[in-house]
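Asker: One structure coming up, written as structure tokens, with questions to follow.
The values are calculated or read from the model by the stated rules, or taken from the named source; none is laboratory data. Predicted model only: the values in this text are computed from it and were never measured. Neighbour counts are summed over all protein chains in view; Cβ atoms, including those assigned to glycine, are modelled from backbone coordinates with ideal geometry. Just the protein is used for accessible areas: all its heavy atoms, side chains included, with ligands, DNA and RNA removed. Shrake-Rupley method; radii C 1.70, N 1.55, O 1.52, S 1.80 Å.
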Amino acid sequence: YFDSLDHLITLHQRKCEETKTLKKYMLQKMFPQNGHSVPEIRFSGFTEDWEQRKLGDLIEDNIIIEQSDGNHGELYPRSDEFTDAGIPYIAASAISSSGDDIDFNLVKYLPLKRAEQFRKGVAQNGDILLAHNATVGPCLQLSMEYDFAILSTSLTLFRINENKMNSKFFLQMLRSDLFQNQLFKYMKQTTRSQVPILTQRKLEVCYPNNTQDQELIGTYLSNLDHLITLHQRKCNELKEIKKYMLQNMFV
């Protein structure tokens, strides 16, 4: 029985690692590298050069209809204002170890009336969050059971106009080597242990103008993320079962 559990744990862990390796490879190959204008791997039927622009230019062109650097300029909540339940107050430290989800066990909460006082850093489902402090780099598309959440200044919020850019593609674009390498570069140069929003606007991004191309790339890479999450979750569940059974099948 225990050998079977060990085998299943190993199987899911191996599949998880193999999918992570595939995702890393495809992220490199499906985005242009070293100043090139096209990626090495493309979906059939797409041949146009990609555009390389500054992130701030996309914002000004209304491809991104909102960008917020947490609740910058607002009064920070005091430690005695947090409660056991209410509206989530999310910091970069609450991003899971896998970097693609929020660990709500690490999230603080504010009463509804207090949360409604924040005018910036108000996030909702579908928004893309980018960590830019000591855990610089991780980014995810927010999925939660709450109507909204408040973000600390350690997270940047992007809300995408789907008519002009696919949100799944935009998320993967932020995970590309081109963007991540710049983010780490500026992180090392700053004295504030974070990358300010004005600096983020200067970072280069590369994307195809064709939204159908964006959708295919975003969906493919998101599906790989989903597989990684499924295998990791199954592996963790099996480890918990084994731990429980080891405790209860021995005297």
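For every residue, the table says whether it meets (1) crowded, with 17+ Cβ neighbours inside 10 Å; (2) within 25 Å of T219 (Cα to Cα); (3) at pLDDT below 85.
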| position | (1), (2), (3) |
| --- | --- |
| Q67 | yes, yes, yes |
| H72 | no, no, yes |
| I87 | yes, no, no |
| A123 | yes, yes, no |
| I128 | yes, yes, no |
| S152 | yes, no, no |
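Asker: Same structure again: When you scan segment 139-188, how many residues do you find that are part of a helix (DSSP H, G or I) and within 17 Å of the chain's Cα centre (by Cα)?
Answerer: 17
Asker: Continuing with this model, one more query. Name the pairs whose Cβ atoms lie under 7 Å apart, with the first residue in segment 170-196 and at pLDDT 80 or above, the second acidic (D, E), and 6 or more positions between them or separate chains?
Answerer: Listed pairs, sorted by first residue: L178/E204; Q182/E204.
Asker: Which condition number does L157 fail, the rest of (1) under 20 Å from L55 (Cα atoms); (2) of a type in the set (A, V, I, L, M); (3) open to solvent by 20 Å² or more (accessible area, probe 1.4 Å) being met?
Answerer: (3)
Asker: Also, I was wondering about something else. What are the pairs with Cβ atoms under 9 angstrom where one residue, in segment 109-125, is of a type in the set (S, T, Y) and the other, located anywhere, is part of a loop (DSSP other than H, G, I, E, B)? Sequence gap at least six, or different chains.
Answerer: Y109/F82; Y109/D84; Y109/A85; Y109/G86
Asker: Yes or no: segment 24-34 includes at least one residue that is open to solvent by 30 Å² or more (accessible area, probe 1.4 Å) and aromatic (F, W, Y).
Answerer: Checking segment 24-34: at least one residue is open to solvent by 30 Å² or more (accessible area, probe 1.4 Å) and aromatic (F, W, Y).
Asker: For segment 24-129, which fully contained strands (runs of 3 or more DSSP E) count at least 2 residues that are of a type in the set (D, E, K, R) and within 23 Å of the chain's Cα centre (by Cα)?
Answerer: Result: 51-54, 64-69.
Asker: Further question on the same structure: Do you know which residues across segment 160-190 are open to solvent by 20 Å² or more (accessible area, probe 1.4 Å), farther than 30 Å from L110 by Cα and touching a Gly at 6+ places or on another chain (Cβ under 6 Å)?
Answerer: N166, Q180
Asker: Considering every residue within segment 53-64, establish whether at least one is modelled with pLDDT of 95 or more and surrounded by 14 or more Cβ atoms within 10 Å (Cβ to Cβ).
Answerer: no
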